[in-house]
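A quick write-up on the structure given underneath.
The values are calculated or read from the model by the stated rules, or taken from the named source; none is laboratory data. Quick caveat: nothing in here was measured; it's all calculated off a predicted structure. Every residue, glycine among them, receives a Cβ derived from its backbone with ideal geometry; neighbour counts consider all protein chains shown. Surface accessibility is based on the protein's heavy atoms, side chains included, excluding ligands, DNA and RNA. Shrake-Rupley method; radii C 1.70, N 1.55, O 1.52, S 1.80 Å.
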Amino acid sequence: MTDAAAATDGEPLRVILAKLGLDGHDRGLKVVARMLRDAGVEVIYLGLRQTAATIINAAEQEDADAIGLSMHNAGHLTLAPRMVNAVKEAGLDIPVIVGGIIPDEDITELLDKGVAAVLGPGASTDEVIAAIRDSVPS
Amino acid sequence: MSTEPSRAAWEEAFAQTPERDVDFETMSGVPVEPIYGEGPYPGQYPYTRGVYPSMYRSRLWTMRMFAGFGTAEDTNGRFKELLRHGGTGLSTAFDMPTLMGRDSDSEWAEGEVGHCGVAIDTLPDMEDLFADIDLAGVSTSMTINGPAPIIMAMYIATAEKSGVERSKLAGTIQSDIFKEYQAQKEYIYPPRPSVRLITDLMRFTSAEMPKWHPISVSGYHIREAGSTAAQELAFTLANGFAYVEAAVAAGLDVDDFAPRLSFFFNSHIDFFEEIGKFRAARRIWARWMKERYGAKNPKSMLCRFHTQTAGVSLTAQQPENNIARVAIQALAGVIGGSQSLHTDAYDEAMALPTEKSARIALRTQQIVAHETGAANVIDPLGGSPYVEWMTDEMERRAEEVFAHLDELGDGSILEGVYEGIENGYFVGEIADAAYRFERNVNAGRRIIVGVTDFTDGDEGQKNLLRIGPEVEEYQLKRLASVKQARDNAKVDAALAQVSADAADPTINMMPSLIEAVKVHATEEEVVMAMEKVFGTYVEQAIV
């Protein structure tokens with residue numbers, strides 16, 4: 001495990017990775033899952049067709065440090081804020097990070113609505129890990 | 001069509017089709033022959049050099065641009081625009097809820113209505129989609145798989161209402177379910193009932209719609225999901241063999257339906273590898289159809305395919321560079337002998353194309369067709385030591401995969417494909433390849449211009465096509481008004497018939513599906529009527 005992949009408590013970072021809704025593009029999410037694993041992150045890969053409820057449930061059971069969502073269907077402005085709100089309503093303090101196809105002009109809106117970080121196509125392993133690390137509350 | 005591999009036989013076959021009325025000469029006025037080099041010649045088994053004797057000397061490929069967004073009316077406008085600009089076939093993209101068999105008012109659909117394609121809930125939507133387009137005069141491709149028989153039923157009902165008999169309809173419906181479990185992940189039912197639906201569709205079109213292609217066996221999505229070129233080739237053709245075995249098991253004669261199978265490949269950026277792949281695809285399909293499946297009709301042996309440039313190769317950074325990528329990929333598709341071609345728009349890494357970017361994409365293939373001379377000579381790279389070697393190498397790698405699947409299926413490719421879906425073979429191979437590629441990029445071993453290197457000058461994305469919330473609002477109202485106006489007793493009876501037919505595998509589903517959409521049952525209602533019997537498919541989340 002690299003230092004970068006450790007949470008502040010010294011334990012490895014635990015990250016949920018999921019696709020929300022109907023979107024079936026899972027290439028990017030799988031690549032990120034393997035990248036993170038190779039870097040020492042503990043990945044809980046939920047895969048396709050998840051709902052806010054199934055993700056919250058997994059986050060609680062797995063004591064996750066962060067939730068990573070991959071979005072390729074232009075539904076992010078609806079679905080990502082909904083996930084953020086669901087996390088809050090569940091009383092959890094877990095950052096929601098979004099990756100995938102997000103037009104530049106939408107990034108500010110997502111951040112304003114509580115998304116912790118937005119990763120675009122071409123993000124490197126280091127950038128992904130840094131985004132998670134910077135988002136996890138210390 | 002001649003199967004004799006002689007030059008004389010080819011010349012005779014070539015002479016039977018009139019050539020296009022253009023000057024077949026270079027820019028400098030040097031006349032060029034239709035073919036150079038050795039046989040077997042185009043149109044001769046095993047068709048490595050082309051499926052037809054004259055290829056683009058007599059007719060250019062179909063420039064078929066994939067389109068769909070927003071409401072049916074929006075897409076209808078784009079269709080008419082493409083036809084006006086010289087497009088010669090329609091190709092329909094549906095939104096994600098439609099592809100997954102969900103209506104626009106489903107809770108799963110929220111935020112996705114009309115975003116990745118057009119939203120179709122009921123027959124009136126389909127009627128809007130093709131309004132004022134003569135369905136007897138165009139060929140239409142519809143990219144849908146899980147609910148394909150329902151959408152097919154809507155298309156037939158739309159045509160018949162406008163006075164066009166179903167036997168006159170020309171086009172393709174993708175309905176390739178295997179690659180959904182392997183790559184694209186837009187499945188509804190488990191594999192076996194899904195294959196039953198597809199064999200019903202094949203039987204129905206074989207009997208009633210002679211100009212229709214009931215399956216487009218698609219490698220495109222396998223490649224986009226991360227496979228190599230050889231895996232795309234191998235998995236796609238293996239899926240094709242599996243459909244052949246399924247149809248034969250359902251009592252069809254191979255020569256009755258195989259001529260209506262068509263294929264769909266990706267054209268990626270490694271120019272010579274792609275051309276080798278296309279050539280190998282024709283040769284492998286011909287050999288297997290003849291030798292393994294006993295096809296007698298040469299048309300059963302023809303691997304005819306649509307090609308689309310590689311969406312996944314488009315970059316969000318410096319998006320204008322994508323025009324160059326698309327041009328190279330389009331040229332590979334043409335030199336590879338595609339029957340139709342879609343060229344991606346440069347802004348598609350981030351959004352659906354705008355009218356302007358879609359027009360540039362079409363212009364790109366028009367430049368390949370009319371300026372480059374690539375359409376003057378058939379298989380112009382045939383005989384090149386590198387391209388011939390690459391063709392052989394693609395074939396060798398594909399044969400290794402077929403041997404594995406044959407073993408998995410105990411002598412049946414169909415069972416091998418089912419097993420490979422169930423045991424995660426396909427998704428695992430594709431994910432491994434995708435990860436290998438990404439690691440190479442990350443490690444600086446593979447350059448992507450504008451992304452990993454040469455990154456100066458990115459002005460970002462401008463003028464992206466945005467689908468506003470008004471599409472969802474419009475579609476919800478439209479669906480509500482259709483539901484209110486219809487006769488619910490008729491809908492209930494039609495849906496009960498769908499469920500009853502689903503429970504009896506000896507009955508063809510198509511007639512009851514057509515009846516159900518005619519009384520304005522929604523797509524999701526029909527999906528659910530079958531789901532009661534078929535169940536659903538949930539994939540194991542494996543990384």
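Please give the residues from region B:507-543 for which the solvent-accessible area of heavy atoms, probe 1.4 Å, is smaller by at least 40 Å² with all protein chains in place than with the chain isolated. With the partner chains in place, region B:507-543 has these residues losing at least 40 Å²: B:A541, B:V543.
In this structure, the amide hydrogen of B:T62, modeled 1.01 Å from its nitrogen in the peptide plane, lies closer than 5 angstrom to those of B:S340, B:L341, counting only residues at least 5 positions away or on a different chain.
Once you have the Cα-Cα distance between B:A503 and B:E107, take 0.36 nm times their residue separation minus that, and quote the gain in nm to one decimal.
Additional length available on full extension: 139.8 nm.
Here's how it looks for A:Y45: its modeled amide H is under 5 Å from those of A:L17, which are all 5 or more places away or on a different chain.
Chain B contacts chain A over a buried accessible area of about 3200 Å², both sides summed; the probe is 1.4 Å and only protein chains count. For B:L331, the shell of other residues with beta-carbons less than 12 Å away shows a net charge of -1, using +1 for Lys and Arg and -1 for Asp and Glu. Of B:K462, B:K185, B:K290, B:K532, the order by accessible heavy-atom surface (1.4 Å probe, DNA, RNA and ligands excluded), from most exposed downward, is B:K532, B:K462, B:K290, B:K185. For chain B, with all protein chains in place and a probe radius of 1.4 Å, 51% of the accessible heavy-atom surface sits on carbon or sulfur. What base-10 log of the normalised intensity I(q)/I(0) is obtained for region B:378-419 from the Debye formula, alpha carbons as equal point scatterers, at q = 0.21 Å⁻¹? With no solvent term, the Cα-only Debye profile gives -0.63.
Put one equal scatterer on each alpha carbon of region B:19-132, apply the Debye formula with no solvent term, and list log10 I(q)/I(0) at q = 0.13, 0.15, 0.16 1/Å to two decimals. Rounded to two decimals, the profile gives -0.69, -0.75, -0.79. Helical runs assigned H by DSSP (4 residues or longer) give chain B a calculated mean residue ellipticity at 222 nm of -14500 deg cm²/dmol, each run adding -39500 (n - 2.57) before division by the residue total.
Computing the accessible area with a 1.4 Å probe over protein heavy atoms, can you report the carbon and sulfur percentage for region A:15-135? Roughly 47 percent, rounded to a whole number. Projected label points at B:D458 and B:E81, each 7 Å from Cα along the beta carbon direction, are separated by 2.8 nanometres.
With the convex hull of the Cα atoms taken as the outline of region A:15-135, the averaged projected area works out to 6.4 nm². Approximating the spin labels as points 7 Å out from Cα along Cα→Cβ, the B:A403-to-B:E470 distance works out to 6.1 nm. Extending 7 Å from the Cα toward the beta-carbon at both A:A90 and B:A136 defines two label points whose distance is 5.9 nm. What is the distance in Å between the Cα centroid of region B:438-509 and that of region B:154-170? So the separation of the two Cα centres works out to 24 Å. Dividing the mean sequence gap of close Cα pairs (under 8 Å, 6+ apart) by how many residues region A:15-135 holds gives a relative contact order of 26 percent. Take the Cβ atoms of B:D432 and B:E38, set R0 to 56 Å, and the FRET efficiency comes out at 0.90.
Of the GluC sites (Glu not before Pro) found in region B:1-89, those that fall in a DSSP loop while having at most 12 other beta-carbon atoms within 10 Å are B:E38. Note on the protein assembly as shown: the C-alpha convex hull projects to 29.8 nm² when averaged across all orientations.
Rg and Dmax of region A:41-90, both derived from C-alpha coordinates alone, stand at 10.9, 30 Å. Extension gain, B:S162 to B:K356: 0.36 nm times the residue separation minus the Cα-Cα distance gives 66.7 nm. For B:A170 and B:V538, a Förster radius of 30 Å and the Cβ-Cβ distance give a FRET efficiency of 0.25, rounded to the nearest 0.05.
With every protein chain left in place, what is the accessible area per residue of chain B in square angstrom, probe 1.4 Å?
Dividing the accessible area of chain B by its residue count gives 38 Å².
For region B:206-223, backbone phi angles converted through the Karplus equation (6.51, -1.76, 1.60; θ = phi - 60°) give residue-by-residue couplings of 4, 7, 10, 9, x, 9, 9, 9, x, 9, 10, 6, 10, x, 3, 6, 5, 5 Hz, Gly and Pro being listed as x. Couplings 3J(HN,Hα) of region A:100-117, computed from phi: x, 9, 10, x, 3, 5, 8, 5, 4, 4, 5, 5, 4, 8, x, 5, 6, 7 Hz, in residue order, whole Hz [Karplus 6.51 cos²θ - 1.76 cosθ + 1.60, θ = phi - 60°; x for Gly and Pro]. Sketch the reach of a paramagnetic label on B:E73 as a point 7 Å from Cα along Cα-to-Cβ, and name the residues of region B:342-361 whose backbone nitrogen lies under 18 Å away. Once the point is set 7 Å along Cα→Cβ of B:E73, nothing inside region B:342-361 turns out to lie under 18 Å by backbone N. Our coupling estimate for region B:439-445, obtained by passing each phi through the Karplus curve with A = 6.51, B = -1.76, C = 1.60 and θ = phi - 60°, is 5, 5, 5, 4, 7, x, 8 Hz, Gly and Pro reported as x. When the chymotrypsin sites (Phe, Trp or Tyr not before Pro) in region B:387-495 are filtered for DSSP coil states and for at most 15 other beta-carbon atoms within 10 Å of their beta-carbon, the remaining sites are B:F454. For chain A, the 222 nm mean residue ellipticity estimated from helices alone, with every DSSP H stretch of n ≥ 4 adding -39500 (n - 2.57) and the total spread over all residues, rounds to -12500 deg cm²/dmol. Normalised by residue number, the volume inside the convex hull of the Cα atoms of chain B is 151 Å³ per residue.
Close amide-amide hydrogen proximity is noted between B:T92 and B:A67, B:S141, B:M142, B:T143, each under 5 Å apart and 5 or more residues distant or on a separate chain (H modeled in the peptide plane; Pro and chain starts excluded).
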